[in-house]
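Report on the structure given below.
The values are calculated or read from the model by the stated rules, or taken from the named source; none is laboratory data. The model shown is predicted, which means the values in this text are computed figures rather than measured ones. Note that we place each Cβ from the backbone using ideal geometry, even for glycine, and neighbour counts take in every protein chain shown. Note: areas computed on protein heavy atoms with side chains; ligands, DNA, RNA excluded. Shrake-Rupley method; radii C 1.70, N 1.55, O 1.52, S 1.80 Å.
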Amino acid sequence: MSASGGTKAIVAALGANLAIAASKFVAFAFSGSSSMLAEGVHSLADSGNQGLLLLGGKRAKREASEEHPFGYGRERYIYGFLVSIVLFTIGGVFALYEGYEKIKHPHELEHWYWPVGVLVFAIIAESFSFRTAIKESNEVRGRLSWSQFVRRAKAPELPVVLLEDLGALVGLVLALGGVGLALITGNGVWDGVGTLCIGVLLVAIAIVLAAETKSLLLGESADPAEREKIRDAVVDGETVTSVIHMKTLHLGPEELLVAAKVAVRHDNSAAQVAEAIDAAEARIREAVPICRAIYLEPDIWREERAGTGASATA
């Protein structure tokens, strides 16, 4: 994912959510709708989440230090995980609590045109934000389905914004449905039901985001296609004859560590091996530019290793 694409989607979502949050709180003040209050807190939480993503992106650009020799790229994963926690606690749990209280103590909506008007405005604004996130995601997801893109994306920003915007749009429809049913039936319980549904939706999205960012925090390898490119780039057929085994690890969305043991010919000199390793590293960086840290260990391939699980294509 390009950093600029992710930042553009975040900024678009931030602007939309700040405007929507203000309008929702105004609507709550005039109407007393719990759906409006829950949606206002949801939009405010989303605005904070986008702020966290921008902060994480900025901190991840710091130069590597002696204490952190591989840099700070994983800060983007940490802040992505924090977003899921904020969405769960401030957005989802608050909406569940507010919905429960509204069902337990319902009251008639006042000035109904406020929440209805704000919800229509919010749906339009969120649609523009969602459209931006979809456009930026389409540029990097290739042939992956949307669910595959969310599961496999190494950069957390676009999947987070996509799911947040989707949750916001569905939540707005639920809020509009709750307010509408409360107006039609004259029973404020429906406003609480809509709020509960919003809470369940936000909790579900937060769990998905937490699971995906947790996997990134634990450390994920390169995609299969990238691993194949790296293997092909290592072998030159002359000095480096095969890959005995290889491991890759994302140090950040756009930083990849490669560690491999490679087979060289037994009659090559140390100078020839060193030159071949340098050439292999150059080919790897050309094939997969995000490979930043590369460690290649030369060894002699022996047939008897096949019985120990070693493989030339591991």
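At a glance:
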{"item": "In order through the stretch 286-292: 3J(HN,Hα) via Karplus (6.51 cos²θ - 1.76 cosθ + 1.60), integer Hz, x for Gly, Pro", "result": "6, 6, 10, x, 6, 6, 9"}
{"item": "Filtered chymotrypsin sites (Phe, Trp or Tyr not before Pro), the stretch 1-76: DSSP coil and at most 16 other beta carbons within 10 Å", "result": "PHE70"}
{"item": "Fraction of beta bridges assigned by DSSP in the chain that are antiparallel (%, nearest 5)", "result": "55 percent"}
{"item": "Karplus 3J(HN,Hα) series, Hz, for the stretch 192-207 with 6.51 cos²θ - 1.76 cosθ + 1.60 (x for Gly, Pro)", "result": "x, 4, x, 5, 4, 4, 4, x, 4, 4, 5, 5, 4, 5, 4, 5"}
{"item": "Qualifying trypsin sites (Lys or Arg not before Pro) for the stretch 93-180 [loop in DSSP, other Cβ within 10 Å: at most 10]", "result": "ARG143"}
{"item": "Fraction of the pair-distance distribution of the stretch 107-251 above 28 Å, Cα-Cα pairs, percent", "result": "43 percent"}
{"item": "Rounded percent of accessible protein surface that carbon and sulfur make up, the stretch 183-289, 1.4 Å probe", "result": "59 percent"}
{"item": "Accessible area of the stretch 31-116 belonging to carbon and sulfur atoms, whole % at 1.4 Å probe", "result": "64 percent"}
{"item": "Per residue accessible area of the chain, 1.4 Å probe, in Å²", "result": "48 Å²"}
{"item": "With 20 Å bins from 0: P(r) over the chain, alpha-carbon pairs, percent", "result": "30, 41, 21, 8, 0"}
{"item": "For the stretch 42-60 versus the stretch 171-233, the gap between their alpha-carbon centres in whole angstrom", "result": "17 Å"}
{"item": "Area accessible to solvent at MET36, 1.4 Å probe radius, in Å²", "result": "0 Å²"}
{"item": "Residue-averaged 222 nm ellipticity for the chain, from DSSP H runs of 4+ at -39500 (n - 2.57), nearest 500", "result": "-22000 deg cm²/dmol"}
{"item": "Cross-link pairs LYS154/LYS261; LYS154/LYS214; LYS61/LYS154; LYS8/LYS135 - those with Cα-Cα distance over 18 Å", "result": "LYS154/LYS261"}
{"item": "Net length gained if the chain between ARG265 and GLU67 were fully extended (0.36 nm per residue, minus Cα distance)", "result": "67.5 nm"}
